[in-house]
Amino acid sequence: MDTARLLDTFFDLVRIDSPSRHEAQVAAYCADRLKALGCTVRIDATEEATGSDTGNIIAHLPGTVSGHIALSAHMDCVSPCCGVEPVVDSGVVRSAGDTVLGADDKAGISAILEALEAVVADGRPRPAITVVFTVCEELSLLGSGALEADLFDGTVPCFVFDADGAPGSIVLGAPFHYTLRATFLGCAAHAGVEPENGVSAIQMAAEAIASMHLGRLDECTTANIGMVEGGREVNIVPDSCSLAGECRSLYEDRVNAVRDRMTEALTKAAEKFEGSVDIDWRLDYPGVLIDKADEIVEKLFSAARAAGLEPQTTVSGGGADANLLSTKGAKAVTLGIGMTAFHSLDEHIAIADIEGTERFIEAIIAEFAD
Ligand SMILES: [Zn+2]
């Protein structure tokens, strides 16, 4: 590893503006670097699906021995992320101004690029390596969702460097995530003159929500109603009320059961007040759950140790590109990169953690070269 080059790459990347849907400049930078390494690089044609000014980068570096792995990170950042100026204080990188730093996920990209530089430079044995840098991860994983369905053949381990937690942390589970949108329709009437002719959509929504189990339902299942909107005037029985919510679980049967109970609460409330309800559920992404005894986990443990890191496993309450890469034929695992307070103006990362992630990637490449 060339630590100066690693940090230069990270600084270059965070200085390039890349809010979601505006990743073209970062993509050009990454494509140039990957081509210089000897990768074949293509940018997929997903702009229409994502609304971005570029596609996902899919690069391929031929192996020198058998085996095939994939390395992934995302190119977009949450706002405010334009005009980032990184500063280093006591070995920690922060943003100088009122922006996020963008270590999420440019620390992941930097570590991947540097590990490839190091492995190619000294000709170490390596498996074939596919690099996937996605757009629009921060917009409900739009970029990875738009990747072609048969990108991988079903067996390729894919390591997604995009979680908090120290380098060496391995995210074994991330939930199924359903989003709910529902609209109650009642009947408007003057609230003082003829309320008996009205059907209150707000009352139906209140009845439905009050009868739902929300919050943490078990150690790996949650439900929430996050938005309610309805009514026009204080003197009108409201004829419309919309609500939005979600449910998540690591387990498909549990998330489906929660979704069905929430649906039942909505329809029962509509029936009780003789109104109606339109219900729309969307699966944002399917879950990921990897067995701790899986060979991939065993290999990650030994790679982490070889890199001088402490391997540990964890589960996440949120989705990442790994959730959707798993539907594209990859065996995807999210790994911690040490980013802290991400999505906030206080976001920061220790240089030692960027280096730790880079060593981890070099060790993963060695571990999967067989
Ligand atoms: Zn991220």
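Quick rundown of the values:
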{"quantity": "Inter-residue pairs, beta-carbon under 9 Å, first among the β-branched types (V, I, T) and in the stretch 290-303, second open to solvent by less than 40 Å² (accessible area, probe 1.4 Å) and in a helix (DSSP H, G or I), 6+ apart", "calculated": "I290/I296; I290/V297"}
{"quantity": "Single condition T130 does not satisfy, out of (1) crowded, with 22+ Cβ neighbours inside 10 Å; (2) hydroxyl-bearing (S, T, Y); (3) closer than 18 Å to C158 by Cα", "calculated": "(1)"}
{"quantity": "Residues (buried (at least 24 other Cβ atoms within 10 Å of the Cβ) and within 13 Å of the ligand (Cβ to nearest atom)) located in the stretch 154-164", "calculated": "V160, F161, D162, A163"}
{"quantity": "When residues of the stretch 325-342 are limited to those that are within 12 Å of the ligand (Cβ to nearest atom) and within 24 Å of A223 (Cα to Cα), the one surrounded by the fewest Cβ atoms within 10 Å (Cβ to Cβ)", "calculated": "F342"}
{"quantity": "Sole exception among (1) within 16 Å of the ligand (Cβ to nearest atom); (2) over 22 Å from M227 (Cα atoms); (3) assigned to a strand (DSSP E or B) for L172, by number", "calculated": "(1)"}
{"quantity": "Residue in the stretch 311-324 that is hydroxyl-bearing (S, T, Y) and within 15 Å of the ligand (Cβ to nearest atom) present", "calculated": "yes"}
{"quantity": "Conditions (1) free of Cβ contacts under 8 Å to residues at least 60 places away in the same chain; (2) out of contact with any helix residue (DSSP H, G or I) (no Cβ under 7 Å at 6 or more places or on another chain): number failed by K268", "calculated": "(1)"}
{"quantity": "Residues satisfying the stated conditions in the stretch 349-370, i.e. more than 11 Å from A166 (Cα to Cα), open to solvent by 20 Å² or more (accessible area, probe 1.4 Å) and of a type in the set (G, A, S)", "calculated": "A366, A369"}
{"quantity": "Boolean, G198 is of a type outside the set (D, E, K, R) and not assigned by TED's automatic domain parsing to the domain that holds P311", "calculated": "yes"}
{"quantity": "Flag for S52 being in contact (Cβ under 8 Å) with a residue 12 or more places away in the chain, out of contact with any strand residue (DSSP E or B) (no Cβ under 8 Å at 6 or more places or on another chain), within 16 Å of the ligand (Cβ to nearest atom) and under 19 Å from E137 (Cα atoms)", "calculated": "yes"}
{"quantity": "Test result for A115, more than 16 Å from the ligand (Cβ to nearest atom), touching a helix residue (DSSP H, G or I) at 6+ places or on another chain (Cβ under 8 Å), within 17 Å of G336 (Cα to Cα) and in the same structural domain as I349 (by TED's automatic domain parsing)", "calculated": "yes"}
{"quantity": "Residues located in the stretch 186-235, provided they are in a loop (DSSP other than H, G, I, E, B), in contact with a Lys or Arg (Cβ under 8 Å, 6 or more places away or on another chain) and of a type in the set (S, T, N, Q)", "calculated": "S211"}
{"quantity": "Residue tally, condition more than 16 Å from A244 (Cβ to Cβ) and open to solvent by 100 Å² or more (accessible area, probe 1.4 Å), over the stretch 268-285", "calculated": "4"}
{"quantity": "Residue list for the stretch 236-262, filter: surrounded by fewer than 19 Cβ atoms within 10 Å (Cβ to Cβ), in contact (Cβ under 8 Å) with a residue 60 or more places away in the chain and in contact with a Lys or Arg (Cβ under 9 Å, 6 or more places away or on another chain)", "calculated": "S242, A244"}
{"quantity": "Filter result for the condition that a residue is surrounded by fewer than 22 Cβ atoms within 10 Å (Cβ to Cβ), within 16 Å of the ligand (Cβ to nearest atom) and hydrophobic (A, V, I, L, M, F, W, C), over L101, L139, L151", "calculated": "L139"}
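Rundown of residues vs (1) under 18 Å from P175 (Cα atoms); (2) polar (S, T, N, Q), yes/no style:
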site	(1), (2)
S211	no, yes
L214	yes, no
C220	yes, no
N224	yes, yes
R232	no, no
S240	no, yes
S249	yes, yes
A270	no, no
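The values are calculated or read from the model by the stated rules, or taken from the named source; none is laboratory data. The shown structure was predicted, so the numbers you read here are calculated from the model rather than taken from an experiment. Every residue, glycine as well, gets a Cβ built from its backbone with ideal geometry; the counts of neighbours run over all protein chains shown. All accessible areas refer to the heavy atoms of the entire protein, side chains included, with ligands and DNA or RNA removed. Shrake-Rupley method; radii C 1.70, N 1.55, O 1.52, S 1.80 Å.
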